[in-house]
Amino acid sequence: MQIDFVDSNVTFTDRYKARLVTKFSSVIDKYLNGMSEDLKVATLSIHKNSRGSYELKFNMEKVPFAKIYVHHVSPDLLPGIITLRDQVKRQIRENVSKLRDSSR
């Protein structure tokens, strides 16, 4: 899975970026097995606003069954990332189950 990382108003080391991308891709790849790698392209965007909270966005447009988009605002980065990842996981599971049910 390829995840493009976009950060604004906050800087991360390359090692930390790689760790965040690995946490996302390891979990999400389980639900997207059987799809070609060129469809598994996503964008993870982190923006620190003036109030000190983090605005997190995950966008995955090339998935054939639905567009996956999650937006979350959190005062803490790591709990926000975990919540964002869980919401992405839930959206993928729901859309995959709808796809399976409609094909029966």
Considering residues of region 34-52 that are within 9 Å of ILE3 (Cβ to Cβ) and among the aliphatic types (A, V, I, L, M) only, the residue surrounded by the fewest Cβ atoms within 10 Å (Cβ to Cβ): VAL41
Being in contact with a strand residue (DSSP E or B) (Cβ under 7 Å, 6 or more places away or on another chain) and not in a loop (DSSP other than H, G, I, E, B) is the filter; apply it to region 26-53 and report the residue that is modelled with the lowest pLDDT. VAL41
Take the residues in region 1-26 that are farther than 19 Å from ASP76 by Cα and surrounded by 15 or more Cβ atoms within 10 Å (Cβ to Cβ); name whichever of them is farthest from the chain's Cα centre (by Cα). MET1
Output for Cβ contacts, cut-off 6 Å, separation at least six or different chains, first residue over 10 Å from ILE46 (Cβ atoms) in region 1-25, second among the charged types (D, E, K, R) and surrounded by 16 or more Cβ atoms within 10 Å (Cβ to Cβ), reads MET1/LYS40; PHE24/ARG85
Provide a single number: the residues in region 54-76 that are over 24 Å from GLU37 (Cβ atoms) and either of a type in the set (S, T, N, Q) or at pLDDT below 90 (or both). 1
Please state which of the following conditions MET35 fails to meet, knowing it meets all the rest: (1) over 26 Å from LEU99 (Cβ atoms); (2) over 12 Å from the mean Cα position of the chain (by Cα). (1)
Among the residues of region 61-75, write down those that are hydrophobic (A, V, I, L, M, F, W, C) and open to solvent by less than 20 Å² (accessible area, probe 1.4 Å). VAL63, ILE68, VAL70
Just one listed residue, out of LEU84, LEU78, LEU56, is surrounded by 15 or more Cβ atoms within 10 Å (Cβ to Cβ), part of a helix (DSSP H, G or I) and either touching a residue at least 60 places away in the same chain (Cβ under 8 Å) or not acidic (Asp, Glu) (or both), and it is LEU84
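The values are calculated or read from the model by the stated rules, or taken from the named source; none is laboratory data. Quantities reported herein were computed from a predicted structural model and do not represent experimental measurements. Here Cβ is always computed from backbone atoms with ideal geometry, including for glycine, and neighbour counts include all displayed protein chains. Note: accessible area is taken over every heavy atom of the protein model, side chains too, but ligands, DNA and RNA are not part of it. Shrake-Rupley method; radii C 1.70, N 1.55, O 1.52, S 1.80 Å.
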